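The numbers here are math on the coordinates, done by the rules we state, and not lab data. The shown structure was predicted, so the numbers you read here are calculated from the model rather than taken from an experiment. Here the Cβ positions follow ideal geometry from the backbone for every residue, glycine too, while neighbour counts run over all protein chains shown.
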Amino acid sequence: MPVLHDELIKVLDGEKLTPHFQPIVSLIQKDIIGYEALIRGPSDSPLHSPFNLFNTAERFNLSTTLEFTCRKLSIQSYARLNLNKKLFINVSPSVLLQPDFKNGMTLKFLNEFGLDPKSVVIELTENQPTDNYLLMRDAVTHYRNMGFEIALDDLGAGYSGLRLWSELLPDYVKIDKHFIQGIHEDPIKLNFVRSIQNIANSLNCNIIAEGVETEHEFKTIEGLGITHAQGYYFARPTIIPLEKIDSALLVNSRPDHCQTNPYNATTASHIARLITPVSSETAISEVMRLFQHHNELTIVPLVDNNFASGIIFRDRFLSKLFSSRYGLELYGKKPIHLFVSKTPLSIDRNTPLESVSQQLTSTTEHDPAFIVTRNGEYAGIATVLDLLEEITRQQIRNAKHANPLTLLPGSVPVNERINQLLAGKIPFAFAYFDLDNFKPFNDVYGYSAGDNIIKAVAETLIGHIPENHGLVGHIGGDDFIVVFTCNDWKERCKAILAGFEEIVPAYYRDGDVKAGGIHTENRAGEKCFFPLISLSVGIVEPDSTSLCRSHVDIADLASGAKKQAKKIDGNSFFICQRKALKQTENLPTSTYLLNQADDMTPVFQA
Ligand code: C2E
Ligand code: CA
Ligand code: CA
């Protein structure tokens with residue numbers, strides 16, 4: 001193919017390549033967070049499409065030259081655009097592992113054009129089978145240490161996406177467009193993407209859905225809690241890209257799910273199925289055909305102008321139709337709404353599953369399915385069986401991870417929730433409660449009295465923190481955790497300490513209350529006086545939690561703050577404030593902790 005070869009040489013020598021940029025949108029911030037650079041050959045050339053370009057280069061052993069030219073031109077053009085957002089660049093793993101790349105060619109380009117590596121995300125595509133995971137991991141660590149972020153591209157299209165994901169723990173994972181196209185009418189794709197989002201939650205990783213083309217696709221991925229998206233729906237790749245996304249495209253997106261109900265991670269939206277509805281004017285024979293062609297279809301919602309007016313149940317529909325003497329012959333052309341005698345039960349998608357269950361049991365109708373709405377409009381349909389399954393699954397899970405004494409969630413669900421909040425960039429404060437003088441109390445009054453104190457702490461915490469304000473966890477012994485998503489976390493902590501101080505004397509004998517404490521041996525076996533039990537709280541405020549990468553970083557900060565709180569007598573708290581650090585600095589944990597004491601301010605002593 002000398003023609004293509006010559007064409008490629010011409011393109012490379014003359015650097016006749018034009019980078020285009022396509023926005024990547026945060027569905028939470030409702031704004032562009034960055035742009036992916038996508039290269040184009042000359043418009044009149046057979047090498048215009050990147051597919052032909054890269055295939056031809058590979059055939060003639062010129063992949064590396066092409067990659068470097070693309071990289072240089074992308075960085076150069078992007079710097080000129082002065083967009084101040086992240087730049088996502090495509091890098092194939094084989095090039096990533098090459099010494100030239102490792103020796104900092106990309107860094108050199110970035111320096112030359114005045115871009116910071118911290119704002120560059122390397123997209124790795126596994127378009128060839130990868131076998132050397134160790135090498136890949138080393139290479140990725142190398143680039144991370146230089147400040148780059150890492151994205152795994154085309155998850156689901158390549159050879160070893162999940163393996164690479166678990167080995168490389170990328171900052172972003174891009175779901176291949178195959179899974180996004182038509183997701184609103186494909187339960188299999190929906191389940192795949194839902195599972196991918198679940199994995200991402202537990203790994204504190206950001207998912208980017210690629211190839212979002214329509215409003216239906218956008219609303220579906222957004223309903224699944226996907227945080228980032230890219231595709232023609234928002235903008236096509238262009239030489240000079242959009243700087244703002246038309247806000248009308250994002251209207252009603254992820255409505256206040258996070259703000260109003262960040263704790264009930266499981267709401268009606270989690271069990272909603274996106275079954276394509278039919279209009280209430282659809283002919284009965286049409287609906288009949290639908291059921292005949294889709295054996296798995298048991299329910300069909302009737303929706304006009306986004307509002308649901310009924311649900312057709314397969315069994316009821318067929319038996320009614322066939323029990324009539326003339327059946328389809330007589331009714332075939334009539335509209336399907338004749339089969340509907342009542343409006344269906346509709347439940348907002350942000351309703352916690354427990355409330356869904358209450359609403360279902362309190363109605364006199366006992367339909368096996370109900371409509372899930374978003375701002376009153378049709379957003380899906382769910383069955384009572386789905387609801388039961390999900391509630392049972394949760395109960396089993398909660399029981400497995402609950403503390404046997406207080407029945408509060410243990411560290412597993414607490415950590416999961418923290419990672420979810422971090423991934424969704426939802427602000428929260430983290431408080432670590434610990435009892436002072438608990439051991440001597442246990443020694444003198446016995447374990448059973450000790451258990452009662454622990455239960456009293458649990459009750460005090462629950463009494464001051466309604467479910468939609470925070471999550472209370474009991475991570476063992478006398479250690480409690482609260483993840484606050486409300487703004488008044490400080491006032492609530494003060495109220496908890498004051499409330500606890502009030503009830504503690506009831507657990508002591510009168511003489512000890514009068515003395516203000518008990519005499520017993522300390523750990524060294526010496527007689528000592530120990531004041532009444534009190535609570536020490538180490539708090540990490542929202543500006544600081546948002547700078548952490550995972551629950552581990554937060555727990556470290558909270559332990560430090562709790563130690564400081566313990567130095568203060570009586571019921572007291574200590575707030576770790578790290579406002580001084582800019583988010584963009586993204587320092588590793590060790591640096592956070594280095595001058596921790598400087599950033600901590602004692603605020604309150606009850
Ligand atoms: P990719 O990295 O998966 O890039 C996304 C592709 O999806 C782009 O195709 C983009 O134009 C396209 N796309 C974006 N939104 C939509 C959508 O809503 N619907 C559909 N159907 N497609 C959408 P493009 O630009 O043709 O690039 C194809 C592939 O070529 C890229 O796939 C990437 O693997 C490769 N490529 C492009 N530029 C570069 C580069 O500079 N370096 C390297 N190594 N590879 C590149
Ligand atoms: Ca890509
Ligand atoms: Ca891709």
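Side notes on the structure shown:
- Annotation for the stretch 371-413: trypsin sites (Lys or Arg not before Pro) lying in DSSP loop with at most 13 further Cβ atoms inside 10 Å of their Cβ do not exist.
- Approximating the spin labels as points 7 Å out from Cα along Cα→Cβ, the Leu169-to-Thr64 distance works out to 3.1 nm.
- Difference of contour (0.36 nm per residue) and Cα-Cα distance, Cys486 to Thr141: 120.5 nm
- Here the 3J(HN,Hα) profile of the stretch 484-497, calculated from phi with Karplus coefficients 6.51, -1.76 and 1.60 at θ = phi - 60°, is 8, 10, 8, 7, 8, 4, 5, 4, 5, 4, 4, 5, 5, 5 Hz, Gly and Pro shown as x.
- Prolate/oblate/rounded call for the stretch 268-390, Cα gyration tensor, a/c under 1.5 rounded: prolate
- Radius 11 Å from Cβ of Phe192, net charge of other residues (Lys, Arg +1; Asp, Glu -1): 0
- The spacing between the stretch 1-62 and the stretch 305-340, judged by their C-alpha centroids, is 54 Å.
- Percentage relative contact order, the chain, counting C-alpha pairs under 8 Å, at least six apart: 9 percent
- Each stretch of four or more DSSP H residues adds -39500 (n - 2.57); spread over every residue of the chain, this sum gives -12500 deg cm²/dmol at 222 nm.
- Cα gyration tensor shape of the stretch 24-98, rounded if a/c is under 1.5, else prolate or oblate by comparing a/b with b/c: prolate
- In sequence order, the stretch 556-565 has phi-based couplings of 4, 4, 5, 4, x, 5, 5, 4, 5, 5 Hz under the Karplus curve 6.51 cos²θ - 1.76 cosθ + 1.60, θ = phi - 60°, and Gly or Pro positions carry x.
- Loop-located GluC sites (Glu not before Pro) in the stretch 327-388 (DSSP state other than H, G, I, E, B) with a sparse environment of at most 15 neighbouring Cβ atoms within 10 Å: Glu365.
- Other residues lying with their Cβ under 13 Å from the Cβ of Thr406 contribute a combined charge of -3, Lys and Arg counting +1, Asp and Glu -1.
- Contact order normalised by residue count of the stretch 402-605, Cα under 8 Å, 6+ apart, percent: 24 percent
- Calculated FRET value between Ala283 and Asn84, using beta carbons and R₀ = 45 Å, to 0.05: 0.25
- Mean sequence separation of contacting Cα pairs (under 8 Å, at least six apart), scaled by the length of the stretch 2-244, corresponds to a relative contact order of 20 percent.
- Between the stretch 143-220 and the stretch 368-417, the Cα center-to-center distance that results, in Å: 24 Å
- Taking the inverse of the mean 1/r over every pair of distinct Cα atoms in the chain gives a Kirkwood hydrodynamic radius of 28.0 Å.
- Amide hydrogen proximity for Ser45: with H placed 1.01 Å from N in the peptide plane, no residue at 5 or more positions away or on another chain lies under 5 Å.
- Shape descriptor for the stretch 402-605: Rg over Rh equals 0.99 (Cα atoms; Rh from the Kirkwood inverse mean 1/r).
- Net +/- balance of residues flanking Lys342 in space, Cβ distance below 12 Å, scoring K and R +1, D and E -1: -2
- Approximate shape of the stretch 2-244 as ellipsoid semi-axes (Cα gyration tensor, √5λ), whole Å, largest first: 28, 21, 19
- With θ taken as phi - 60° and the Karplus curve 6.51 cos²θ - 1.76 cosθ + 1.60 applied, the whole-hertz 3J(HN,Hα) list for the stretch 16-25 is 8, 10, 10, x, 10, 10, 10, x, 10, 10 Hz, x standing for glycine and proline.
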